[in-house]
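The values are calculated or read from the model by the stated rules, or taken from the named source; none is laboratory data. The structure displayed is predicted, hence computed values, not measured ones. In this analysis, Cβ positions are derived from the backbone assuming ideal geometry, glycine residues included, and neighbour counts consider all displayed protein chains.
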Amino acid sequence: MFEIRNILDTILDTVLPRRERRTRIETRSLDEIPLSPASHELLGVRILTLMEYREPATKDLIRSLKYDCSGHAVGLCAALLADYLREEFASVRAFSKKHILLVPVPLHKNRLRERGFNQIEAVLRTLPIEFQDGALSHTETEALVRTRDTAPQTKLPRVERLTNVSGAFAANDLVIRDSHIYLIDDVVTTGATLVEAAKPLIENDALVTLMALARA
């Protein structure tokens, strides 16, 4: 069922001009994006999400962020994320004094060259300055690298997603030492990418919280 839905989504994304999607997003304000923060147990770990991908406004937002290079979509996502993280960090710091790092799930250099940007890195770079300068956290794009080019997860059946990204990430132990990392992706479905990306961070003794903007 999921695979059929994914194929239909891809067809619609091709048939429906991206210009229309981006136009819809450009007219939306922060209050028009439906939020539903939740914690999910996927592949034996907890993953936090802010939105449900099935919501039409959320789907437009994520696709405009990922495929249209929409500055407005980046700004909306950054504002939503900042509001959530302020409350999250206040709770976390009551129990831990570890330095907080915001880390985007990295693209392989080949995919980055094709797309021209990492959408989550763009969102993190747009967060207010207190998330950049250490007042609340640091944004760190060098903590994790993608060591091999994998097939896009959206094109694979669920059973193949975990093996597709297995061993595809490596950590910079000097950057992540004694830190609490918020590892962030755009959309989570099975959780395979986030789980595999977190492994080298955990192996280097970082405390890791997994997050995605939306749950599909």
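Would you call VAL145 buried (at least 19 other Cβ atoms within 10 Å of the Cβ) and either under 29 Å from GLY75 (Cα atoms) or at pLDDT below 95 (or both)?
No, not satisfied.
Of all residues in region 170-197, count the ones that are in a helix (DSSP H, G or I), modelled with pLDDT of 95 or more and over 16 Å from HIS108 (Cα atoms).
1
Of all residues in region 100-142, which are surrounded by fewer than 21 Cβ atoms within 10 Å (Cβ to Cβ) and assigned to a helix (DSSP H, G or I)?
Answer for region 100-142, where residues must be surrounded by fewer than 21 Cβ atoms within 10 Å (Cβ to Cβ) and assigned to a helix (DSSP H, G or I): LYS109, ASN110, ARG111, LEU112, ARG113, GLU114, ARG115, GLU121, ALA122, ARG125, ILE129, GLU130.
Determine whether region 162-177 contains at least one residue that is under 19 Å from the mean Cα position of the chain (by Cα), surrounded by 19 or more Cβ atoms within 10 Å (Cβ to Cβ), within 14 Å of LEU48 (Cα to Cα) and among the hydrophobic types (A, V, I, L, M, F, W, C).
No, every residue in region 162-177 fails to be under 19 Å from the mean Cα position of the chain (by Cα), surrounded by 19 or more Cβ atoms within 10 Å (Cβ to Cβ), within 14 Å of LEU48 (Cα to Cα) and among the hydrophobic types (A, V, I, L, M, F, W, C).
I need every pair where a residue in region 136-153 that is farther than 18 Å from THR126 by Cβ has its Cβ under 8 Å from the Cβ of a residue that is aromatic (Phe, Trp, Tyr) and at pLDDT 90 or above, sequence separation at least 6 or different chains.
Partner pairs satisfying both residue conditions: LEU144/PHE169; VAL145/PHE169; ARG146/PHE169; THR147/PHE169.
State which residue is farthest from HIS180 (Cα to Cα) when the search covers only region 44-92 and only residues that are among the aliphatic types (A, V, I, L, M) and assigned to a strand (DSSP E or B).
Selected residue: MET51.
Got a number for residues in region 150-161 being surrounded by 12 or more Cβ atoms within 10 Å (Cβ to Cβ) and either within 17 Å of the chain's Cα centre (by Cα) or part of a loop (DSSP other than H, G, I, E, B) (or both)?
5
Please go through region 116-137 and give me each residue that is under 16 Å from the mean Cα position of the chain (by Cα) and not aromatic (Phe, Trp, Tyr), ordered by number.
ASN118, GLN119, ILE120, GLU121, ALA122, VAL123, LEU124, ARG125, THR126, LEU127 - these are the residues of region 116-137 that are under 16 Å from the mean Cα position of the chain (by Cα) and not aromatic (Phe, Trp, Tyr).
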